[in-house]
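A quick write-up on the structure given underneath.
The values are calculated or read from the model by the stated rules, or taken from the named source; none is laboratory data. Computed from a predicted structure; not experimentally measured. All Cβ positions, glycine included, derive from the backbone under ideal geometry; neighbour counts span all protein chains shown. Ligands, DNA and RNA are excluded from the accessible area calculation, which covers all protein heavy atoms including side chains. Shrake-Rupley method; radii C 1.70, N 1.55, O 1.52, S 1.80 Å.
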Amino acid sequence: MQTPAKPFNPSTLQQSWPLPATPRPIVTFGAGSIVGDAHYPAYRKGGFPIAGLFDPDQAKAAKIAAEWNVTAYASVAEAAVVENAIFDLATPPARHADVLKALPEGSFALIQKPMGNDLVQASEILAICRGRNITAAVNFQLRFAPMMLALKNAIAQDWLGEVIDFDAWLALDTPWSLWPFLNGLPRVEIAMHSIHYIDVIREILGNPLGVHAKTLGHPGHAVAQTRTSAILDYGDRVRCSLSINHDHKFGRRFQACEFRISGTQGAAYVKLGVNLDYPRGEPDALMIYPKGGADWINVPLHGAWFPDAFVGRMANLQRFASGEDKALVSSVEDAWHTMALVEAAYQSSAAPATPLARKPEA
């Protein structure tokens, strides 16, 4: 780590990813709401050319294509032959493998999270990418959100010292009715939502030794899991926990969506605003109590998780394809470990807890 220069100046923290000099056209598979609400606004903001998209629901694809003035392709095969493209898989996790098999060998692709429905599918996706020489990243875009880039830059500059505590605390009223396709899925909360937090924690702290977790649903709806408690085991020096409750339906006052990160010499607070009053959201926030400081300092943010993180995510892949970036963040090789941690959390949840001792008879 670098030795920080005093005093702490929040304006020096990195909040965005550099853009490619010559961006490639983007071809999207899937026409779900995430495409029109996040992917395409981000790609237009970043100056990435959008060639078009394919979805088996031709009417849905045609609607988004008309809104964004791009091509609606008639088949996967037609979409896959666009030259020099970055292929953007905004597909359900069970469909990722089929689309990857249809792409030209040597392609570059961005795969929507999760990387398959489970670790078996993630391993299949990894094998396909290796076998077809497809350079692919997984869309763990929280890593590229302005507040997370700034936080990681502060850590790298040693403003917190050694990170020894990481708390993720969510108490939300998430509108699950917006995603009816989740009803009936066996894995929801960790696999579809908290996977973002698990992935960011991995980036900051590395892979844990293991995980203790319990994830469960709520009697008020049919979604398989909406509440999770988890402890990631980093040995005897680092404490890491997640407390996630998507069913806190009692007004905004005590709702929360935040990280608290403590180091040996400083600390950080992160508010993930998009999840509060979703989908309208609230502003993100980052505050740092820097090494050698005497109070919390607000870091003015330039952008938000949605859509700016999607800009950075695509920029890194585009720059890696052109040779401008030497490292591909959240490559399938790295993302597989996030999927392994998700798998371990579900296995832990399904395992029986340590039973209480029986009181001796009188």
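On the basis of being under 21 Å from the mean Cα position of the chain (by Cα), over 30 Å from K101 (Cα atoms) and either open to solvent by 20 Å² or more (accessible area, probe 1.4 Å) or small (G, A, S) (or both), does I231 make the cut? Steps first, answer last, please.
On the way: under 21 Å from the mean Cα position of the chain (by Cα): yes; over 30 Å from K101 (Cα atoms): yes; either open to solvent by 20 Å² or more (accessible area, probe 1.4 Å) or small (G, A, S) (or both): yes.
Yes; evaluated as a whole, the condition is true for this residue.
Of all residues being out of contact with any Gly (no Cβ under 7 Å at 6 or more places or on another chain) and crowded, with 19+ Cβ neighbours inside 10 Å in the range 289-302, which is farthest from A42 (Cα to Cα)? Just the residue, please.
By that ranking, first place goes to V299.
Only residues in the range 294-306 that are of a type in the set (F, W, Y) count as the first member; pair them with residues that are open to solvent by 30 Å² or more (accessible area, probe 1.4 Å) and at pLDDT 95 or above, Cβ under 7 angstrom, at least 6 apart or cross-chain, and list the lot.
Pairs found: W296/M287; W296/Y289.
Write out, first by first residue and then by second, each pair whose Cβ atoms fall under 7 Å of each other, whose residues are 6+ apart or on separate chains, and whose first residue, in the range 63-74, is under 9 Å from G52 (Cα atoms) while the second is small (G, A, S) and in a helix (DSSP H, G or I).
Going by the 7 Å Cβ cut-off, the qualifying pairs are T71/A65; A72/A61; A72/A62; A72/A65; Y73/A79.
Would you check which residues across the range 4-22 are open to solvent by 40 Å² or more (accessible area, probe 1.4 Å) and under 25 Å from S322 (Cα atoms) and list them? Talk me through it step by step, then tell me what you get.
Restricting attention to the range 4-22, the residues satisfying the condition of being open to solvent by 40 Å² or more (accessible area, probe 1.4 Å) are 5-7, 9, 11-12, 14, 16-19, 21-22.
Within the range 4-22, Q14, S16, W17, P18, L19, A21, T22 qualify.
Restricting attention to the range 159-166, does a residue exist that is aromatic (F, W, Y), over 19 Å from the mean Cα position of the chain (by Cα) and closer than 27 Å to G281 by Cβ? Let's see the steps before the verdict.
As a first pass, look at the range 159-166 and keep what is aromatic (F, W, Y): 159, 166.
After this cut, where a residue has to be over 19 Å from the mean Cα position of the chain (by Cα) as well, the list is 159.
Narrowing the set further to residues that are closer than 27 Å to G281 by Cβ leaves none.
Taking every residue of the range 159-166 in turn, none turns out to be aromatic (F, W, Y), over 19 Å from the mean Cα position of the chain (by Cα) and closer than 27 Å to G281 by Cβ.
Test A168 against the stated conditions and say whether it is part of a helix (DSSP H, G or I) and either out of contact with any helix residue (DSSP H, G or I) (no Cβ under 7 Å at 6 or more places or on another chain) or within 23 Å of S348 (Cβ to Cβ) (or both). Spell out how you get there, then give the answer.
Working: part of a helix (DSSP H, G or I): no; either out of contact with any helix residue (DSSP H, G or I) (no Cβ under 7 Å at 6 or more places or on another chain) or within 23 Å of S348 (Cβ to Cβ) (or both): yes.
Answer is no for this residue.
Given the condition free of Cβ contacts under 8 Å to residues at least 24 places away in the same chain, assigned to a helix (DSSP H, G or I) and more than 19 Å from the chain's Cα centre (by Cα), answer yes or no: does some residue in the range 96-104 qualify?
yes
Considering the range 249-270 alone, what residues qualify as being within 24 Å of D165 (Cβ to Cβ) and either aliphatic (A, V, I, L, M) or open to solvent by 40 Å² or more (accessible area, probe 1.4 Å) (or both)? Quick ask: steps written out before the conclusion?
Pass one, the range 249-270, residues within 24 Å of D165 (Cβ to Cβ): 254-270.
Residues satisfying the conditions are F254, A256, R260, I261, S262, T264, Q265, A267, A268, Y269, V270.
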